[in-house]
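Below is one structure, written out as structure tokens; comments come after it.
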Amino acid sequence: MKAIILAAGQGSRLKPETDNLPKCLVRVRDVPILDYQLEALESLGITSCTLIVGFMGKLISQTYGYRFGNLKLDYVTNNRFSETNNIYSLWCAKEYLADDIILIECDVLFDRHILKDLLNNPGRNAIVVDNFKSDMDGTVVLEKGKFVSSMILKSQQTPNFDYSKAFKTVNIYSFDKVTMQDHLIPALDSWVNEGFTNEYYEAAIARLVEQSALQLVTQHVGSRRWVEIDTVDDLLRAGSIIDH
């Protein structure tokens, strides 16, 4: 099992914090967001992590080098970060993806037990979700039994969309090696080769779910805490939500 962390974006909504720092190095309680994630991965026995960088990527690699405790770090650079979205960033790292992986976005602070629950999930492929709340924003899923029945990106959520049965994605996933090799990597290739480089990677996952090529088990966070840090308000809230 290896970890993949998406950290290429410019974090424009988090300005001025990201004027001179990549989002993952913005501090919560005087600790970079990325430290929390790497500490959680290392504490759970993960030994390899690939960081996909772009905006101020050299600063990230200079800050962490190639080890974080027992965690070996690799770097992949999306040189087109200013004109592409995270589907292209993930595609840039495809040589690292043909394995059992945990996929995390760099702006999520979370109780490490969420990650432990995910590692203990018996499903081959799983997605961490939470009950939808009115202040949440982004991709949601609908559920049938313990599986995702559909994934709806923000752009697909119409003004009259019914959120009462929707669950918010926490932007943490696990995928097994077979799924990566047979489905997700080919899907990324197809989307990028067709020019859809400014999409979210969730679009490719949503299509695979729709085609019944991918079964995603839902891993609910329950009472465990997390926060996605997109804005300065999120950053202010993060310090009171996350224990360290």
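The values are calculated or read from the model by the stated rules, or taken from the named source; none is laboratory data. Model, not experiment: these values are computed from the prediction. In this analysis, Cβ positions are derived from the backbone assuming ideal geometry, glycine residues included, and neighbour counts consider all displayed protein chains. Just the protein is used for accessible areas: all its heavy atoms, side chains included, with ligands, DNA and RNA removed. Shrake-Rupley method; radii C 1.70, N 1.55, O 1.52, S 1.80 Å.
Taking the criterion of being part of a loop (DSSP other than H, G, I, E, B) and either without any contact (Cβ under 8 Å) to a residue 24 or more places away in the chain or over 18 Å from G57 (Cβ atoms) (or both), the residues of the stretch 21-38 that qualify are R29, D30. Return yes when Y75 is modelled with pLDDT of 95 or more and either within 20 Å of F196 (Cβ to Cβ) or in contact with a Cys (Cβ under 8 Å, 6 or more places away or on another chain) (or both) and no when it is not. Against the criterion (modelled with pLDDT of 95 or more and either within 20 Å of F196 (Cβ to Cβ) or in contact with a Cys (Cβ under 8 Å, 6 or more places away or on another chain) (or both)), Y75 does not qualify.
Checked against (1) under 30 Å from H183 (Cβ atoms); (2) of a type outside the set (S, T, Y); (3) open to solvent by 60 Å² or more (accessible area, probe 1.4 Å); (4) part of a helix (DSSP H, G or I), Q62 meets all criteria but (1).
Looking across the stretch 163-180, the residues that are among the charged types (D, E, K, R) and outside any helix (DSSP H, G or I) come down to K168, D176.
Quick check, is S155 open to solvent by 70 Å² or more (accessible area, probe 1.4 Å), within 24 Å of L14 (Cα to Cα) and in a helix (DSSP H, G or I)? The answer is yes for S155.
Listed by first and then second residue, the pairs linking a residue in the stretch 190-211 that is under 22 Å from L142 (Cβ atoms) and touching a residue at least 40 places away in the same chain (Cβ under 8 Å) to a residue that is open to solvent by less than 50 Å² (accessible area, probe 1.4 Å) and assigned to a loop (DSSP other than H, G, I, E, B), with Cβ atoms under 6 Å apart and 6 or more places separating them unless they lie on different chains, are E199/N85; Y200/N85; E202/T139; E202/L153.
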